[in-house]
Amino acid sequence: MSTPNSTIRMVDLVSQYRRLKIEIDEAMQAVIERGTFINGPEVEEFARDLASYIGVDHVVPCGNGTDALLISLMRLNLQRGDEVIVPAFTYAAAVEAAILLGLTPVAVDVDAYYNIDPKAVEEAVSDRTRALIVVHLFGQSCDMHPIFETADRHNLEVIEDNAQSLGARYSFPDGRSFYTGTMGAVGAFSFFPTKMLGCFGDGGAMATRDPDLAEALRKTTVHGQSSKYRHQIIGVNSRLDTIQAALLKVKLRHIDEAIAARRAVADFYDASLSGIEEIEIPRRHPSSTHVYNQYTLRIKNGRRDELQAALRSQGIPSVVYYPLAIDEQEAFKAYLRPASSTKLSRILSREVLSLPIHTEMNVEELKRIAEAIVKGLKT
Ligand SMILES: Cc1ncc(COP(=O)(O)O)c(C=O)c1O
């Protein structure tokens, strides 16, 4: 627990480690003593545990979340020049993966929940469109019901980028509900340290209900080999280290506590910051639960950067995820097929501000942050 004047951090992985130290040390030590650093039994055990938690038959571990997206796209029978719809307000990995495979990304606008706008998806479909990467941003699900209506009508593969929202659930109008990352052809997960389930380095996984696709994804992670030195398909080298899997097995046992801790932080922020003229608190989608991988405000009237500087001067960190829309990024412009307006994505990139949120925050820290925000906007 930190004291009132202690350093406030965006995330506090060290305190989380100390709380779980006995379990984590034992699990990691076992791997070191055994020496099975690559493909040790913990990798498969963790894959089974995660599959059981999210309710799918197959989880294929890999090296990181970006590889999970790349490998998924490699196995969905897409051809060079095929169009893949992506959100314009997001992390770059999905767009980059599509471009690396010679596909044409089409960046479309997001909605008031910061997630891909189902209406913009429908409008962007052309006769070249074959797939759609939805990104469940900041901790809640995209609105999957209308998205699947469009995808089914046009025969599009749906890949879910679930790097940020492990543990969130989406409910369809007929009452069925699913964890994010389990609804499309493949769900891509990241275990980057700051994610919902973070390891001590890089890690990732793919989830699917299709056994043949699972097998193809698995082969792809090991240079396309069916058995040692028998290369059936073109693959890559993308593995989850045994030591990371051992750690992730432990942390997965505590994921529901971690989600509850993050929700408590979000509830505090919501209560303290709603009703302030220049602030829009993050909207909770009625069809999704929220796990708050990020707590992201909109700061109106062009005051975002000024508020961030005021917070910084009081020792309070904050981060802008993301300062440019995808179609404003120099690297991607030449590869994108322009779609309709990405107006809201551009506005968000100038208004969003993510506050500290993690599993170890205490009320004194939260009060200090809320007071600093109120004060920062008064001056
Ligand atoms: C939305 C999103 N997609 C993909 C990734 C890529 O994950 P990784 O860093 O594990 O490659 C990240 C994480 O940084 C992310 O936030």
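Each reported figure results from applying straightforward, stated rules to the coordinates on display, with no laboratory input. Here the structure is a predicted model, which means the values were calculated and not measured. For neighbour counting, all protein chains shown are included, and Cβ atoms are generated from backbone atoms with ideal geometry for every residue, glycine included.
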Checklist entry - Can you give the three extents of the C-alpha atoms in the range 254-378 along their principal axes, from longest to shortest, in whole Å? => result 48, 37, 25
Checklist entry - With θ set to phi - 60° and the Karplus curve 6.51 cos²θ - 1.76 cosθ + 1.60, what are the ³J(HN,Hα) couplings of the range 125-131 in order, to the nearest whole Hz, using x for Gly and Pro? => result 5, 10, 6, 9, 6, 10, 8
Next on the checklist: Let's test this: bin the Cα-Cα distances of the range 183-239 at 10 Å from zero up to the farthest pair and state each bin's percent.
Outcome noted: 23, 41, 31, 5
Checklist entry - Between Glu45 and Gln329, how many nm apart are label points set 7 Å from Cα along the C-beta direction? => result 3.7
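Please report Rg over Rh for the range 167-268, where both radii come from the alpha carbon positions and Rh follows the Kirkwood definition. Could you put the intermediate results ahead of the total?
On the way: Rg = 16.6 Å, Rh = 15.8 Å.
Result: Rg/Rh = 1.05.
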Item to check | Within the chain, percent of DSSP bridges classed antiparallel, to nearest 5 | outcome: 60
Item to check | Length released on extending from Asn155 to Phe200, taking residue separation times 0.36 nm less the Cα-Cα span | outcome: 12.3 nm
Checklist entry - Which of the lysines could a cross-linker span from Lys300 if the Cα-Cα distance has to be under 18 Å and same-chain partners fewer than 8 positions apart are dropped? => result Lys343, Lys375, Lys378
Next on the checklist: Could you derive backbone 3J(HN,Hα) for the range 350-367 from the dihedral phi with the Karplus parameters 6.51, -1.76 and 1.60 (θ = phi - 60°), listing whole Hz in sequence and x where the residue is Gly or Pro?
Outcome noted: 9, 10, 6, 8, 9, 9, x, 8, 6, 7, 10, 6, 10, 4, 4, 4, 5, 5
Item to check | Förster radius 35 Å - calculated FRET efficiency between Asp57 and Leu100 (Cβ-Cβ, nearest 0.05) | outcome: 0.75
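Starting from 0.36 nm per residue, how many nanometres of slack lie between Lys375 and Ala309 once their C-alpha separation is accounted for? It would help to have the intermediate numbers written out before the result.
On the way: separation 66, 0.36 × 66 = 23.76 nm, distance 1.23 nm.
Going from the current span to full extension adds 22.5 nm.
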Item to check | Straight-distance crosslink candidates among lysines, where the alpha carbon sits under 27 Å from Lys195 and sequence neighbours closer than 8 are dropped | outcome: Lys21, Lys219, Lys249, Lys251, Lys367
Next on the checklist: For a quick size check, give me the Cα extents of the chain along its three principal axes, largest first, whole Å.
Outcome noted: 66, 55, 42
